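The values are calculated or read from the model by the stated rules, or taken from the named source; none is laboratory data. Everything numeric in this text was worked out from a predicted model, so none of it was measured. Because the Cβ atoms are built from the backbone with ideal geometry, glycine has one as well, and the counts that use them run over all protein chains shown.
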């Protein structure tokens with residue numbers, strides 16, 4: 001008889017769980033990411049405040065994010081906590097979990113399209129994505145941004161990379177971030193308006209990554225609002241710095257003044 005190995009979480013790991021039973025001393029949960037292995041959420045780990053009624057905090061069928069406290073592999077006993085999970089940890093974990101599930105579903109769709117099993121798709125596509133990008137979904141986002149070449153470089157077969165890229169470009173909308181500030185631009189020359197137009201054009205007219213945008217609005221001379229939209233803050237910050245420096249340089253090279261003031 002072959003006994004299947006049970007994979008268990010590590011202490012202090014964040015897990016997504018489903019409340020299955022509410023009892024006087026707490027509640028029992030199953031861990032969604034670990035084949036529904038059972039854990040105990042003791043009443044003392046429900047809240048930082050006194051718990052009068054357990055059902056005010058959890059209900060059967062509810063999904064929640066918990067923190068693993070103790071794991072006993074021999075007894076398959078796992079203690080978890082709700083009160084030790086911060087709002088930020090909960091939001092981040094839920095987003096990660098939803099992305100992982102979506103990535104697996106998209107991978108199953110690709111497997112069906114190219115006529116292979118889900119297991120083979122995971123071995124030949126899923127594992128390379130996880131190894132190189134941290135998760136299947138994050139790898140798929142890179143395929144949306146950079147195209148199928150990013151998949152081919154990690155040894156995903158060309159035909160499969162093409163199918164996957166076409167699918168994720170239809171199904172995945174990339175998250176966007178927006179940052180900005182104020183450009184203070186001055187010129188006392190008669191050609192000041194033309195100079196401003198030249199500065200604005202210079203701030204926007206350079207090669208930028210896909211899915212990025214630079215916009216400039218008049219808020220009241222000499223103040224002009226500049227906003228940069230990109231897929232992440234690192235790219236947005238780099239574009240904002242380049243755009244503002246280009247605009248200020250145009251003004252200074254032509255006898256004007258310019259500076260950038262960072263504002264949300």
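The requirement of being assigned to a helix (DSSP H, G or I) and within 28 Å of residue 126 (Cβ to Cβ) is not satisfied by residue 248. Contact map, segment 233-247: residues that are surrounded by fewer than 21 Cβ atoms within 10 Å (Cβ to Cβ) paired with residues that are in a helix (DSSP H, G or I), Cβ distance under 6 Å, separation 6+ or inter-chain. Pairs shown: 246/202; 246/203. Of the helices (runs of 4 or more DSSP H) lying entirely inside segment 86-199, the ones with 3 or more residues being in contact with a strand residue (DSSP E or B) (Cβ under 9 Å, 6 or more places away or on another chain) and either touching a residue at least 40 places away in the same chain (Cβ under 8 Å) or surrounded by fewer than 18 Cβ atoms within 10 Å (Cβ to Cβ) (or both) are found at 87-114. Of (1) within 24 Å of residue 96 (Cβ to Cβ); (2) surrounded by fewer than 18 Cβ atoms within 10 Å (Cβ to Cβ), residue 66 satisfies all except one. Which? Just one mismatch for residue 66, condition (2).
Within segment 10-21, is there a residue that is free of Cβ contacts under 8 Å to residues at least 60 places away in the same chain and under 30 Å from residue 143 (Cα atoms)? Among the residues of segment 10-21, at least one is free of Cβ contacts under 8 Å to residues at least 60 places away in the same chain and under 30 Å from residue 143 (Cα atoms), which makes the answer yes.
Residue 59 satisfies every condition listed in (1) touching a residue at least 24 places away in the same chain (Cβ under 8 Å); (2) over 30 Å from residue 168 (Cα atoms); (3) in contact with a strand residue (DSSP E or B) (Cβ under 6 Å, 6 or more places away or on another chain) except (3). Restricting attention to segment 44-59 and to residues that are closer than 11 Å to residue 81 by Cβ and surrounded by fewer than 17 Cβ atoms within 10 Å (Cβ to Cβ), the residue that is farthest from the chain's Cα centre (by Cα) turns out to be 44.
Residue 7 meets all of the listed conditions (1) surrounded by 12 or more Cβ atoms within 10 Å (Cβ to Cβ); (2) under 30 Å from residue 168 (Cβ atoms); (3) touching a residue at least 12 places away in the same chain (Cβ under 8 Å) but one, namely (1).
Selection within segment 10-32: residues that are surrounded by 14 or more Cβ atoms within 10 Å (Cβ to Cβ) and out of contact with any helix residue (DSSP H, G or I) (no Cβ under 7 Å at 6 or more places or on another chain). The member of this set that is nearest to residue 93 (Cα to Cα) is 13. Restricting 95, 82 to those that are closer than 28 Å to residue 135 by Cα and modelled with pLDDT under 95 reduces the list to 95. Take residue 230 and tell me if it is touching a helix residue (DSSP H, G or I) at 6+ places or on another chain (Cβ under 6 Å), at pLDDT below 95 and within 30 Å of residue 141 (Cα to Cα). Criteria met by residue 230.
Pairs meeting the criteria (first residue in segment 212-225 and at pLDDT below 95, second residue assigned to a loop (DSSP other than H, G, I, E, B), beta carbons under 8 Å, at least 6 apart or on different chains) are 212/231.
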